[in-house]
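First up is the structure itself, then whatever we jot down about it.
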Amino acid sequence: MKWIRRLLVAIFSALALVAAFVIWIAEPWSEYRPMRTWTEFMRIQIVGDAGREGLAELFRNWGEGPPYGVLNAAPEPHALERAIRPIEVRYRIDGVSRSLEDYFQRARVEGMLVLQGGEVVFEQYRGRTNAESRYHLWSASKSFTGTLIGMALHEGRIESLDDPVARYAPQFVGTAYGE
């Protein structure tokens, strides 16, 4: 009978450890839940399309999950002038001349917008993506953020790139982000 008791203790201990680990990873108390990507991915895989289109659906609807932060639009946003025109782009890979359309298919591009001189000169979307789709931009977010910081510096909204972030965003005081 002792071995049954030891087995039950081992099983319950293992279950408690697994539960604690899942709670630690999921952080249900945090609005920045690390498991958000995984759970949203699984929801799309189970309910929506599978494979690459399921991932595209996840990223196309990224804004439906809990926000990491919200950047509000300007009260009177600047409307970009439109001067749409065909863009001829050719490039070579392995001695073969390729077109922009080839690139779109090979790289599985969902959408592209080209600005030149403050005007939209090219805009094209694929599949179910359109001008209203909210997409996760991954590393492109760094370029966008860097552009905003450069604009803020130019406009005098920040004094120096050497200033700690906490000077302008007090919610980061005392954190590594603030430094």
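The values are calculated or read from the model by the stated rules, or taken from the named source; none is laboratory data. The model shown is predicted, which means the values in this text are computed figures rather than measured ones. FYI the Cβ positions are ideal-geometry reconstructions off the backbone, even for glycines, and counts take in every protein chain you see. Accessible surface is based on the protein model in full, side chains and every heavy atom, while ligands, DNA and RNA are left aside. Shrake-Rupley method; radii C 1.70, N 1.55, O 1.52, S 1.80 Å.
One table, with the values for the structure above:
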item	result
In region 76-179, the trypsin sites (Lys or Arg not before Pro) that fall in loop regions by DSSP, at most 14 other Cβ within 10 Å	R108, R126, R128, R157
Estimated vicinal HN-Hα couplings, Hz - region 172-179 in sequence order (Karplus 6.51, -1.76, 1.60; Gly, Pro = x)	9, 4, x, 10, 5, 5, x, 6
Accessible surface, per residue, of region 67-179 when the full set of protein chains is kept, probe 1.4 Å, Å²	82
Potential lengthening between K2 and H78 on full extension [0.36 nm per residue; Cα-Cα distance subtracted]	19.8 nm
L15 versus R167: modelled label distance in nm, points set 7 Å from Cα along the beta carbon direction	5.6
Per-residue ³J(HN,Hα) for region 119-136, Karplus 6.51 cos²θ - 1.76 cosθ + 1.60, θ = phi - 60°, Hz, x for Gly and Pro	10, 7, 9, 8, 8, 8, 10, 10, x, 9, 7, 9, 4, 8, 5, 9, 10, 6
Theoretical gain in end-to-end length, A131 to R85 [0.36 nm per residue, Cα-Cα removed]	14.9 nm
Accessible area of region 78-121 belonging to carbon and sulfur atoms, whole % at 1.4 Å probe	50
Sequence-distant residues sharing a close amide H with V120 (under 5 Å, placed H)	E81, R82, A83
